[in-house]
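Novice: I have a structure I would like to understand better, so I am pasting it below and will then ask my questions one at a time.
The values are calculated or read from the model by the stated rules, or taken from the named source; none is laboratory data. As the structure is a prediction and not an experimental result, all values here were calculated from the model. Please note: Cβ atoms are built from the backbone with ideal geometry, for glycine as well, and neighbour counts cover all protein chains shown. These accessible areas exclude ligands, DNA and RNA; they are computed on the full protein's heavy atoms, side chains included. Shrake-Rupley method; radii C 1.70, N 1.55, O 1.52, S 1.80 Å.
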Amino acid sequence: METIRLMTNNVWNCDKNKPAWEAKGEDCSAEGRVGGLLRVYRETCPDVIGGQEVSALMADLLKEGFQREQINYTLIWGRYTPILYRADKLELVDSEFGTYPESIKGFEGSFNDKRSKSWNIGVFRVKSSGKIFIFATTHLWWKASPAENDPSPSVNCQIGSDEAREQQIASLVEKVEEYREKYSCPTIIVGDMNCGYGSKAMRFVRSRGFRHAHDIATEYAEEAVGYHYCFADGYKTEYYDKPFEWAIDHIYVKGEKEGSVKCFKRYSPEYYYAVSDHSPAYIDLEI
């Protein structure tokens, strides 16, 4: 039996430096932040990374960094949701990518800005054992649904947002089940879901037999949300003090052997404050 490390990481889609950062002598461009991401991957050594908000420029910079540092990661392109995997340990058996629709039936407006809300699936074989697993990464719609009867909702609110996320994740689960029927193996769904544990979308995932890694980890289960302020106007050197249920970066597992999820962790070193607002989350899974 072999342990594999599977990560989800929203890297913040910001290719160019911003005036507020430049005024402080700092750099939030892709070139300025890629070193922090490479350092994270060196220190945590994930076997598969499901990315979100990974621009084409950031993807190129990561690939160049891996080559320079002789780390054997291969990238499965998926617009803003690529998959990176250790080609020395894993063989790609099958893959598929898709974007979510912009419109949601019954609601006005777009629910997929810049077609960045998408999913990516990879089926992998562990070279040392021949065992197969399915890995999917996704990024769901980001706005909040306004409070009921709110006369002046925030610009960050949009009617139908909860329903949009539920429909998006439902379509991904349906696609993943097609691969489960074909390969009959452990399946992992990771991503920035932009909603908490008790949301409609996350309840739907659990209703289809997927279990949150936090709930079944046998050795360690992270309680921190792994989220902090890091945007165009600057960043803060502290993480939000919220309970686990508020977290929006999730890892779900189905079809695994009982007790095989050893840990669910978030990686939040101090140098990461200026890299992305989302801490990477990962699990160790025996397969």
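Novice: Working with all protein chains in place, sort Thr81, Thr3 by solvent-accessible area computed with a 1.4 Å probe, largest first.
Specialist: On the way: Thr81 0, Thr3 65 Å².
My answer, sorted largest first, is Thr3, Thr81.
Novice: So what is the accessible area of the stretch 1-83 per residue, in Å², with the probe set to 1.4 Å? Walk me through the numbers on the way to the answer.
Specialist: On the way: 3560 Å² over 83 residues.
On a per-residue basis, the stretch 1-83 sits at 43 Å².
Novice: For the chain, what is the relative contact order in percent, using Cα pairs closer than 8 Å and at least 6 residues apart in sequence? Intermediate values should be presented prior to the final figure.
Specialist: Numbers: 638 pairs, mean separation 59.6, N = 287.
Computed over the chain, the figure is 21 percent.
Novice: Just want to confirm a number: the relative contact order over the stretch 169-287, from Cα pairs under 8 angstrom separated by 6+ residues, in percent. Intermediate values should be presented prior to the final figure.
Specialist: On the way: 208 pairs, mean separation 36.1, N = 119.
Across the stretch 169-287, relative contact order equals 30 percent.
Novice: With a 1.4 Å probe and all protein chains kept in place, how do Arg180, Arg125 rank by accessible area, largest first? Walk me through the numbers before you get to the answer.
Specialist: Details: Arg180 50, Arg125 75 Å².
Per-residue accessible area, sorted high to low, gives Arg125, Arg180.
Novice: Could you give the accessible area per residue of the stretch 233-287, probe 1.4 Å, as a whole number in Å²? Show your work: numbers first, answer last.
Specialist: On the way: 2340 Å² over 55 residues.
I get 43 Å² per residue for the stretch 233-287.
Novice: Same structure, new question: Can you pull a Stokes-Einstein diffusion coefficient for the stretch 184-231 at 37 °C (0.692 mPa s), Rh from Kirkwood over Cα pairs, as a whole number of µm²/s?
Specialist: Working: Rh = 12.7 Å.
Answer, rounded: 257 µm²/s.
Novice: Over the chain, with every protein chain in place, what whole percent of the accessible area is carbon and sulfur at 1.4 Å, could you tell me?
Specialist: Numbers: 5970 of 12700 Å².
In the chain, the share of accessible area belonging to carbon and sulfur is 47 percent.
Novice: Another one. Over 20 Å between Cα atoms: which of Lys63/Lys131; Lys114/Lys143; Lys131/Lys254; Lys131/Lys182; Lys117/Lys175; Lys242/Lys265 fall into that group?
Specialist: Table pairs above 20 Å Cα-Cα are Lys63/Lys131.
Novice: Still on this structure, I have one more. How far apart, in nm, are the 7 Å Cα→Cβ label points at Asp113 and Glu181?
Specialist: The two pseudo-label positions are separated by 3.6 nm.
Novice: Which cross-chain or sequence-distant (5 or more) residues have an amide H under 5 Å from the amide H of Lys131, H modelled 1.01 Å from N in plane?
Specialist: Residues meeting the criterion, in which the H sits 1.01 Å from N, are Val126.
Novice: Moving to a separate point now. Which value in Å does the Kirkwood hydrodynamic radius of the stretch 186-287 take, with 1/r averaged over all unlike C-alpha pairs and then inverted?
Specialist: Details: mean 1/r = 0.0703 Å⁻¹.
In the stretch 186-287 this quantity evaluates to 14.2 Å.
Novice: Here's another thing I want to ask about it. Compare the Cα positions of His228, Ile248, Gly259 along the charge dipole of the stretch 218-261 (+1 at Cβ of Lys, Arg; -1 at Cβ of Asp, Glu; about the Cα centre) and return the one farthest towards the positive end.
Specialist: The listed residue farthest towards the positive side: Ile248.
Novice: Taking a temperature of 20 °C and a viscosity of 1.002 mPa s, what whole-number D in µm²/s does Stokes-Einstein yield for the chain with Rh from Kirkwood over alpha carbon pairs? If you can, show how the numbers build up before the last one.
Specialist: On the way: Rh = 19.3 Å.
Rounded to a whole number, D works out at 111 µm²/s.
Novice: Go through the stretch 248-258 residue by residue and turn each phi into a ³J(HN,Hα) via Karplus (6.51, -1.76, 1.60, θ = phi - 60°); whole Hz please, and just put x for glycine and proline.
Specialist: Using θ = phi - 60°, the values come out as 10, 9, 10, 9, 10, 9, 8, x, 7, 6, 4 Hz.
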